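Down below is the structure, laid out as structure tokens.
The values are calculated or read from the model by the stated rules, or taken from the named source; none is laboratory data. It should be emphasised that the depicted structure is a prediction, and the values quoted were computed from it without experimental measurement. As a convention, Cβ positions derive from the backbone with ideal geometry for all residues, glycine included, and neighbour counts pool all protein chains shown. Just the protein is used for accessible areas: all its heavy atoms, side chains included, with ligands, DNA and RNA removed. Shrake-Rupley method; radii C 1.70, N 1.55, O 1.52, S 1.80 Å.
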2 protein chains.
Amino acid sequence: MPPRGRRPVGGPDPREQILTAAAELFSELGFERTTMRAVAARADVDAALIHHYFVNKEGLLSAALVMPVDAGVLLAGLDQDPEHAGEAVVRRVLGLWEGDPETRRRLLGLIRVGLSHDYAAGVLRDLLGRTILTALGRVVPDDHRALRAALVGTQMGGLLLGRYVLGIPAVRDAPPEQLVAAIGPVVQHYLTGAIGGAPAASINQPHGTA
Amino acid sequence: MPPRGRRPVGGPDPREQILTAAAELFSELGFERTTMRAVAARADVDAALIHHYFVNKEGLLSAALVMPVDAGVLLAGLDQDPEHAGEAVVRRVLGLWEGDPETRRRLLGLIRVGLSHDYAAGVLRDLLGRTILTALGRVVPDDHRALRAALVGTQMGGLLLGRYVLGIPAVRDAPPEQLVAAIGPVVQHYLTGAIGGAPAASINQPHGTA
DNA sequence: GATCCATGTCAACGCTTGATGAATTGGGTG
DNA sequence: CACCCAATTCATCAAGCGTTGACATGGATC
């Protein structure tokens, strides 16, 4: 335990350590089970310092829960190959999760917390709804645009839920490219296929095996 | 407030009232935010009585969290019309949720709690994985059977998440038959379509986003 | 080098939580 | 009727929670 008062310069930035610790714990435990004292302990800091910087536990949440990726960037350029946009969406999202562990942890935290706390639920709803909608704007035809984007959201959300949150074995252990091959056509269908009223909305495999 | 000691006969069964209250609160608030005292108050009972019957808060959870529907029954007979099994799955699941409010609340609770507490997470994983697998057994071809069932689980789970938990507008407000028409073919595809195997064409990533 | 403020710890408060043990009542059984 | 056990409340506990105010320290400013 360091002595009282301001620390000499040189050491790590305590504010940053608090944010890191909070992000880790929130993502592992959710909002309620994460205690200020635990965050303080992991950040090697007194608990009161958290209040000094972030006022509240909610303030800490807001600060720690930054959206770790810009959906617009992630999903940019899909209209350049509209026929494989579905596979690209799945591949990029999975690539995002499988890549940097820090990003993955933040996303996982977003989901975990979002399912237990209202503030983050808004962020999550926003991500799965409006953000994806605008990001997919150019690829998606005008009719049922909002519904199409939301359907993509449900499929991708369900995938992430099964693979990373619940850990359903068949989905958790599948190699990413298998998931891309399996789910890509579905996303493609939601993006550009016949939805609703149209008869015989079949999902055609581009490589024609049946 | 009733006096001490055993109640005279005739009134409602306190044990049952506790279970009802617990199911309601767990489904509304999740595990952590549901307090024993709140359950006791709603059941019009002293908090200690809950411990008398269910020992623990976890014991109460286990008792209150009965699976409100038998997946085998819900998904029975799909093989009699295998070509429309996908639509049938979506229609039956949505029908289940849109029907009895009590069932709906229990299912919602299962999801809410399952995403915040390990015990219920197991139940949920089981439901979305193994249970659905056996229920779909006859319809699903042998190859990738577990994966197919799990994929159905992700799509259905994502749908329920978007519609009932997060409340994404386009999905929340859509009439059930529109969702059946939109998602049914996807489930059908997961059940009987061509999955994986085919080499996937790649799409160029923008801005070096992995 | 005196002053001021951001930074940091310490000690504690007030509250809620899950849980426990004793006390009390009523029904069932002999 | 006497006895026992289940049912039920009461009073209370220890722990943990988020939060607060007071205090100490060091860097920056003039």
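Values as computed for the structure displayed
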read-out	value
Candidate set from segment A:38-68 (those that are under 19 Å from the mean Cα position of the chain (by Cα) and surrounded by fewer than 19 Cβ atoms within 10 Å (Cβ to Cβ)); member that is nearest to the other protein chains (Cβ to nearest Cβ)	A:68
Residue in segment B:68-86 that is over 26 Å from residue A:189 (Cβ atoms), in contact with a Phe, Trp or Tyr (Cβ under 9 Å, 6 or more places away or on another chain) and modelled with pLDDT of 85 or more present	no
Hey, residue A:107 outside the structural domain of residue A:162 (by TED's automatic domain parsing), part of a helix (DSSP H, G or I) and open to solvent by less than 30 Å² (accessible area, probe 1.4 Å) or not	no
The one condition in (1) more than 7 Å from every other protein chain (Cβ to nearest Cβ); (2) surrounded by fewer than 23 Cβ atoms within 10 Å (Cβ to Cβ) that residue B:178 fails to fulfil	(1)
Residue satisfying all of: in segment A:1-28; away from DNA strand C (no atom under 13 Å from the Cβ) and at pLDDT 90 or above; surrounded by the fewest Cβ atoms within 10 Å (Cβ to Cβ) among these	A:20
Selected residue (only one of A:77, A:122 is at the interface with chain B (Cβ under 10 Å from one of its Cβ atoms), at positive phi, open to solvent by less than 40 Å² (accessible area, probe 1.4 Å) and away from DNA strand D (no atom under 16 Å from the Cβ))	A:77
Answer from B:136, B:147 - the residue that is at pLDDT 85 or above and open to solvent by less than 40 Å² (accessible area, probe 1.4 Å)	B:147
Every residue from segment A:132-164 that is within 7 Å of chain B (Cβ to nearest Cβ) and of a type in the set (Val, Ile, Thr)	A:154
